[in-house]
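Worksheet for the structure shown next.
The values are calculated or read from the model by the stated rules, or taken from the named source; none is laboratory data. This is a predicted model, so every value here is computed, not measured. Every residue, glycine among them, receives a Cβ derived from its backbone with ideal geometry; neighbour counts consider all protein chains shown. Heads up: the accessible areas ignore ligands, DNA and RNA and are worked out on the full protein's heavy atoms, side chains in. Shrake-Rupley method; radii C 1.70, N 1.55, O 1.52, S 1.80 Å.
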Amino acid sequence: QDKSISKYCCKKAGIDVPNDLVIYSLEDLDHISLEVYFESRFVIKPLFSACSIGIDHNSLCFNDFDGKEKINELFMLGLGPVICEEFIVGDEISLCFLEEKGRVTQRCVSSFTDVNGNCPFFDKLYTFEDKMRSNSMWTITDRTSLVDDNLWNSIELLIRQLGKVDYMRVDGKLRNNKFIMIELTPDINLSADSAFISTFKSMGISPVTIIDKIVETALRNYYI
(Lines give C-alpha, C1' and ligand atoms only; values in the text may rest on other atoms or scores of the structure.)
Protein backbone atom coordinates (compact mmCIF):
# COMPACT_ATOMS: atom_id res chain seq x y z
CA GLN A 1 0.00 0.00 0.00
CA ASP A 2 3.04 2.29 0.00
CA LYS A 3 2.39 4.31 -3.13
CA SER A 4 5.98 5.51 -3.48
CA ILE A 5 7.57 2.06 -3.12
CA SER A 6 4.95 0.71 -5.54
CA LYS A 7 6.14 3.21 -8.14
CA TYR A 8 9.74 2.18 -7.55
CA CYS A 9 8.84 -1.48 -8.15
CA CYS A 10 6.88 -0.63 -11.31
CA LYS A 11 9.69 1.52 -12.68
CA LYS A 12 12.14 -1.33 -12.06
CA ALA A 13 9.82 -3.59 -14.10
CA GLY A 14 9.84 -1.12 -17.01
CA ILE A 15 6.49 0.55 -16.32
CA ASP A 16 6.35 4.35 -16.56
CA VAL A 17 5.42 6.23 -13.38
CA PRO A 18 4.84 9.89 -12.47
CA ASN A 19 7.35 11.82 -10.38
CA ASP A 20 6.56 11.82 -6.67
CA LEU A 21 7.78 13.24 -3.39
CA VAL A 22 6.97 11.85 0.08
CA ILE A 23 6.31 14.21 3.00
CA TYR A 24 6.92 12.32 6.24
CA SER A 25 6.31 15.26 8.58
CA LEU A 26 5.14 18.86 8.35
CA GLU A 27 8.71 19.98 9.00
CA ASP A 28 9.61 18.67 5.52
CA LEU A 29 7.59 21.54 4.03
CA ASP A 30 10.09 24.09 5.36
CA HIS A 31 12.70 23.00 2.82
CA ILE A 32 10.82 22.56 -0.47
CA SER A 33 8.67 24.37 -3.00
CA LEU A 34 6.16 21.92 -4.47
CA GLU A 35 5.33 24.11 -7.45
CA VAL A 36 9.01 24.33 -8.38
CA TYR A 37 9.56 20.60 -7.84
CA PHE A 38 6.66 19.52 -10.07
CA GLU A 39 6.53 22.52 -12.47
CA SER A 40 2.82 21.84 -13.16
CA ARG A 41 -0.26 20.49 -11.40
CA PHE A 42 0.30 17.90 -8.70
CA VAL A 43 -1.81 15.61 -6.51
CA ILE A 44 -1.68 15.38 -2.70
CA LYS A 45 -2.85 12.12 -1.10
CA PRO A 46 -2.11 9.81 1.84
CA LEU A 47 0.88 7.56 1.27
CA PHE A 48 -0.80 4.41 2.61
CA SER A 49 -4.61 4.70 2.43
CA ALA A 50 -6.81 2.81 -0.05
CA CYS A 51 -10.19 3.43 -1.74
CA SER A 52 -9.26 7.09 -2.43
CA ILE A 53 -9.67 7.94 1.26
CA GLY A 54 -8.40 11.49 1.78
CA ILE A 55 -8.70 12.39 -1.91
CA ASP A 56 -11.14 15.12 -2.91
CA HIS A 57 -11.20 17.82 -5.56
CA ASN A 58 -8.86 19.97 -3.43
CA SER A 59 -6.23 17.23 -3.75
CA LEU A 60 -5.36 18.50 -7.22
CA CYS A 61 -3.10 21.48 -6.53
CA PHE A 62 -1.57 24.27 -8.59
CA ASN A 63 0.80 26.01 -6.20
CA ASP A 64 2.57 25.85 -2.83
CA PHE A 65 -0.31 27.42 -0.92
CA ASP A 66 -2.88 24.88 -2.15
CA GLY A 67 -0.48 21.97 -1.73
CA LYS A 68 0.67 22.80 1.78
CA GLU A 69 -2.88 23.52 2.90
CA LYS A 70 -3.98 20.05 1.73
CA ILE A 71 -0.93 18.39 3.32
CA ASN A 72 -1.68 20.07 6.65
CA GLU A 73 -5.28 18.91 6.43
CA LEU A 74 -4.28 15.27 5.85
CA PHE A 75 -1.84 15.29 8.76
CA MET A 76 -4.53 16.83 11.00
CA LEU A 77 -6.85 13.96 10.02
CA GLY A 78 -4.19 11.40 10.90
CA LEU A 79 -3.66 10.45 7.26
CA GLY A 80 0.06 11.23 7.04
CA PRO A 81 2.66 10.55 5.71
CA VAL A 82 1.63 12.16 2.44
CA ILE A 83 2.71 11.61 -1.15
CA CYS A 84 2.85 14.47 -3.65
CA GLU A 85 2.60 13.25 -7.22
CA GLU A 86 2.79 14.70 -10.72
CA PHE A 87 -0.73 14.91 -12.19
CA ILE A 88 -1.11 12.94 -15.43
CA VAL A 89 -3.68 14.01 -18.00
CA GLY A 90 -5.20 11.03 -19.84
CA ASP A 91 -7.84 8.32 -19.78
CA GLU A 92 -7.93 6.49 -16.45
CA ILE A 93 -7.69 2.71 -16.87
CA SER A 94 -7.08 -0.32 -14.66
CA LEU A 95 -5.13 -3.42 -15.61
CA CYS A 96 -7.00 -6.29 -13.92
CA PHE A 97 -5.43 -9.73 -13.74
CA LEU A 98 -4.95 -13.07 -12.04
CA GLU A 99 -1.47 -14.55 -11.83
CA GLU A 100 -0.11 -17.99 -11.19
CA LYS A 101 3.55 -18.43 -10.24
CA GLY A 102 4.51 -15.14 -11.86
CA ARG A 103 2.48 -15.52 -15.06
CA VAL A 104 -0.70 -13.63 -15.92
CA THR A 105 -3.45 -16.21 -16.52
CA GLN A 106 -6.52 -13.96 -16.86
CA ARG A 107 -6.44 -10.31 -17.86
CA CYS A 108 -8.62 -7.39 -18.86
CA VAL A 109 -8.45 -3.59 -18.91
CA SER A 110 -11.31 -1.55 -17.45
CA SER A 111 -12.10 2.12 -17.85
CA PHE A 112 -14.88 4.59 -17.19
CA THR A 113 -16.92 6.05 -20.05
CA ASP A 114 -19.46 8.87 -19.90
CA VAL A 115 -22.53 9.31 -22.12
CA ASN A 116 -20.35 10.87 -24.83
CA GLY A 117 -17.94 7.95 -24.90
CA ASN A 118 -15.17 9.87 -23.09
CA CYS A 119 -13.34 9.16 -19.84
CA PRO A 120 -14.83 11.47 -17.15
CA PHE A 121 -11.48 11.55 -15.32
CA PHE A 122 -9.30 12.53 -18.28
CA ASP A 123 -8.39 15.88 -16.70
CA LYS A 124 -9.62 15.47 -13.13
CA LEU A 125 -9.25 13.20 -10.11
CA TYR A 126 -11.31 10.12 -9.34
CA THR A 127 -12.14 11.05 -5.75
CA PHE A 128 -13.56 9.28 -2.71
CA GLU A 129 -16.85 11.12 -3.30
CA ASP A 130 -16.96 9.82 -6.89
CA LYS A 131 -16.51 6.25 -5.65
CA MET A 132 -19.31 6.62 -3.10
CA ARG A 133 -21.76 8.11 -5.61
CA SER A 134 -24.68 5.73 -6.19
CA ASN A 135 -25.97 7.42 -9.34
CA SER A 136 -22.76 7.80 -11.34
CA MET A 137 -22.99 9.27 -14.83
CA TRP A 138 -20.53 6.81 -16.33
CA THR A 139 -20.25 3.13 -17.11
CA ILE A 140 -17.40 0.62 -16.86
CA THR A 141 -15.98 -0.29 -20.27
CA ASP A 142 -13.68 -3.05 -21.49
CA ARG A 143 -10.57 -1.51 -23.12
CA THR A 144 -8.33 -4.56 -23.18
CA SER A 145 -7.41 -3.97 -26.82
CA LEU A 146 -5.59 -0.75 -25.91
CA VAL A 147 -2.84 -2.59 -23.99
CA ASP A 148 -0.17 -4.54 -25.83
CA ASP A 149 1.81 -7.62 -24.79
CA ASN A 150 4.89 -5.55 -23.90
CA LEU A 151 3.04 -3.96 -20.99
CA TRP A 152 1.71 -7.32 -19.81
CA ASN A 153 5.27 -8.67 -19.93
CA SER A 154 6.28 -5.81 -17.63
CA ILE A 155 3.37 -6.68 -15.34
CA GLU A 156 4.76 -10.22 -15.06
CA LEU A 157 8.17 -8.78 -14.14
CA LEU A 158 6.44 -6.74 -11.44
CA ILE A 159 4.65 -9.83 -10.10
CA ARG A 160 7.91 -11.74 -9.84
CA GLN A 161 9.41 -8.85 -7.84
CA LEU A 162 6.48 -8.78 -5.44
CA GLY A 163 6.07 -12.52 -4.98
CA LYS A 164 2.68 -14.16 -4.48
CA VAL A 165 0.04 -11.73 -5.76
CA ASP A 166 -2.87 -14.00 -6.85
CA TYR A 167 -4.88 -11.11 -8.29
CA MET A 168 -4.43 -7.37 -8.49
CA ARG A 169 -5.42 -4.15 -10.20
CA VAL A 170 -2.81 -1.74 -11.57
CA ASP A 171 -4.39 1.70 -11.91
CA GLY A 172 -3.00 4.34 -14.21
CA LYS A 173 -3.48 6.78 -17.06
CA LEU A 174 -3.13 6.47 -20.82
CA ARG A 175 -1.21 9.47 -22.14
CA ASN A 176 -0.59 9.47 -25.90
CA ASN A 177 -1.31 5.72 -25.90
CA LYS A 178 1.38 5.13 -23.25
CA PHE A 179 0.42 3.66 -19.87
CA ILE A 180 1.61 5.50 -16.77
CA MET A 181 1.03 3.69 -13.49
CA ILE A 182 -0.57 5.63 -10.62
CA GLU A 183 -0.92 2.98 -7.92
CA LEU A 184 -1.30 -0.72 -7.17
CA THR A 185 -4.58 -1.97 -5.74
CA PRO A 186 -4.35 -5.32 -3.94
CA ASP A 187 -7.53 -4.72 -1.87
CA ILE A 188 -9.85 -5.09 -4.85
CA ASN A 189 -13.59 -4.56 -4.72
CA LEU A 190 -15.09 -7.85 -5.96
CA SER A 191 -18.75 -6.79 -6.00
CA ALA A 192 -20.77 -7.62 -9.11
CA ASP A 193 -20.64 -4.03 -10.37
CA SER A 194 -16.93 -3.45 -9.63
CA ALA A 195 -14.45 -2.60 -12.38
CA PHE A 196 -12.65 -5.92 -11.84
CA ILE A 197 -15.66 -8.27 -11.96
CA SER A 198 -17.87 -6.40 -14.44
CA THR A 199 -15.10 -6.05 -17.03
CA PHE A 200 -14.38 -9.77 -16.97
CA LYS A 201 -18.15 -10.33 -17.19
CA SER A 202 -18.32 -8.19 -20.35
CA MET A 203 -15.72 -10.57 -21.84
CA GLY A 204 -17.96 -13.57 -21.16
CA ILE A 205 -16.41 -14.68 -17.84
CA SER A 206 -19.13 -14.78 -15.18
CA PRO A 207 -18.58 -13.46 -11.64
CA VAL A 208 -18.87 -17.00 -10.25
CA THR A 209 -16.24 -18.25 -12.69
CA ILE A 210 -13.76 -15.47 -11.94
CA ILE A 211 -14.18 -15.93 -8.16
CA ASP A 212 -13.59 -19.68 -8.59
CA LYS A 213 -10.45 -18.92 -10.60
CA ILE A 214 -9.18 -16.53 -7.90
CA VAL A 215 -9.60 -19.22 -5.22
CA GLU A 216 -7.97 -21.92 -7.38
CA THR A 217 -5.09 -19.62 -8.31
CA ALA A 218 -4.47 -18.62 -4.69
CA LEU A 219 -4.31 -22.27 -3.62
CA ARG A 220 -1.99 -23.32 -6.44
CA ASN A 221 0.32 -20.38 -5.70
CA TYR A 222 1.08 -21.89 -2.28
CA TYR A 223 2.79 -24.83 -3.96
CA ILE A 224 6.15 -24.60 -5.72
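Do we find a residue being closer than 22 Å to LEU174 by Cβ, open to solvent by 60 Å² or more (accessible area, probe 1.4 Å) and out of contact with any His (no Cβ under 9 Å at 6 or more places or on another chain) anywhere in the stretch 17-25? Taking every residue of the stretch 17-25 in turn, at least one turns out to be closer than 22 Å to LEU174 by Cβ, open to solvent by 60 Å² or more (accessible area, probe 1.4 Å) and out of contact with any His (no Cβ under 9 Å at 6 or more places or on another chain). Considering only residues that are touching a Leu at 6+ places or on another chain (Cβ under 8 Å) and part of a loop (DSSP other than H, G, I, E, B), which ones fall in the stretch 74-107? Result: GLY80, PRO81, PHE87, GLY90.
Here is a list: ILE188, ILE182, ILE214. Which entry is touching a residue at least 12 places away in the same chain (Cβ under 8 Å) and more than 25 Å from LYS124 (Cβ to Cβ)?
Numbers: ILE188 fails: more than 25 Å from LYS124 (Cβ to Cβ); ILE182 fails: more than 25 Å from LYS124 (Cβ to Cβ).
Among ILE188, ILE182, ILE214, only ILE214 is touching a residue at least 12 places away in the same chain (Cβ under 8 Å) and more than 25 Å from LYS124 (Cβ to Cβ).
A single member of ILE71, ILE83 is more than 30 Å from ALA218 (Cα to Cα) and in contact with a Cys (Cβ under 8 Å, 6 or more places away or on another chain), and it is ILE71. When GLY172, GLY163 are checked against the criterion of being closer than 14 Å to ILE93 by Cβ and among the small types (Gly, Ala, Ser), a single residue qualifies: GLY172.
Which one of LEU98, LEU74 is modelled with pLDDT of 95 or more, closer than 25 Å to ASP148 by Cα, open to solvent by less than 10 Å² (accessible area, probe 1.4 Å) and aliphatic (A, V, I, L, M)? Give the steps one after another, and end with the answer.
Values: LEU74 fails: closer than 25 Å to ASP148 by Cα.
Criteria check complete, one pass: LEU98.
Among the residues making up the stretch 31-51, those that are of a type in the set (Ser, Thr, Tyr), under 18 Å from GLU86 (Cβ atoms) and in a loop (DSSP other than H, G, I, E, B) are SER33, SER40.
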